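A.B. asks: Let me give you the structure first, and then I'll get to my questions.
The values are calculated or read from the model by the stated rules, or taken from the named source; none is laboratory data. Quantities reported herein were computed from a predicted structural model and do not represent experimental measurements. Counting neighbours? That spans all protein chains shown, and the Cβs are built from the backbone with ideal geometry, glycine included.
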Amino acid sequence: MASITPDLIKYMSKARGAKLPDPVLAKAKHHILDTLAAMVSGSVLKPGILARQYVEQQGGPPEAQVVGSSMVISAVNAAIANGMMAHADETDDSNGSAGIHPGCAVLPRDVPSFPQH
């Protein structure tokens, strides 16, 4: 069975700088805002509090902020805490047909770069 990976790589390479259609851009903005709101909400819930306590103990260079706090730690640890907070109360976005929550898995990795970009 042939892999679709090479075709996907080619498509993604070409699409990198392409303008998104307006409906796609609007939907992406909606999901980003939804996930950020879930992070803020999750920051005051037990899973978010525990995640913040854990990454604070781990420390690291001051690269990225943990959402809902003034804590600036390594980008990896910030992504861990932000991801836990995004999924803490199950209000994060979902894709019913795929059965996944893409926002809490993808966006927390990118939040650390927000202040620089």
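A.B. asks: Have a look at 43, 74 and point out the one that is surrounded by 11 or more Cβ atoms within 10 Å (Cβ to Cβ), in contact (Cβ under 8 Å) with a residue 12 or more places away in the chain, in contact with a Pro (Cβ under 7 Å, 6 or more places away or on another chain) and among the hydroxyl-bearing types (Ser, Thr, Tyr).
C.D. replies: 74
A.B. asks: On to the next question. How many residues are in contact with a helix residue (DSSP H, G or I) (Cβ under 7 Å, 6 or more places away or on another chain) and in a helix (DSSP H, G or I) when one looks only at region 25-44? Give the derivation first.
C.D. replies: In the first step, residues of region 25-44 are kept if they are in contact with a helix residue (DSSP H, G or I) (Cβ under 7 Å, 6 or more places away or on another chain); the result is 31-32, 34-35, 38-39, 42-43.
So of that shortlist, the ones also in a helix (DSSP H, G or I) come out as 31-32, 34-35, 38-39, 42.
The qualifying residues number 7.
A.B. asks: Sort out which residues of region 62-78 are modelled with pLDDT of 90 or more and on the phi > 0 side of the Ramachandran plot, and write them in order of number.
C.D. replies: none
A.B. asks: All but one of (1) at pLDDT 90 or above; (2) not in a helix (DSSP H, G or I) hold for residue 6; state the number of the condition that does not hold.
C.D. replies: The single condition residue 6 does not satisfy is (2).
A.B. asks: Answer with yes or no whether residue 67 is among the β-branched types (Val, Ile, Thr) and out of contact with any Ser or Thr (no Cβ under 8 Å at 6 or more places or on another chain). Before the answer, list the steps.
C.D. replies: Working: among the β-branched types (Val, Ile, Thr): yes; out of contact with any Ser or Thr (no Cβ under 8 Å at 6 or more places or on another chain): no.
No, not satisfied.
A.B. asks: Restricting attention to region 1-40, which residues are within 19 Å of residue 103 (Cα to Cα), surrounded by fewer than 11 Cβ atoms within 10 Å (Cβ to Cβ) and among the β-branched types (Val, Ile, Thr)?
C.D. replies: Across region 1-40, the qualifying residue is only 24.
A.B. asks: Counting only residues that are at pLDDT below 90 and assigned to a helix (DSSP H, G or I), which one in region 11-24 is nearest to residue 87 (Cα to Cα)?
C.D. replies: Among those residues, the one meeting the criterion is 24.
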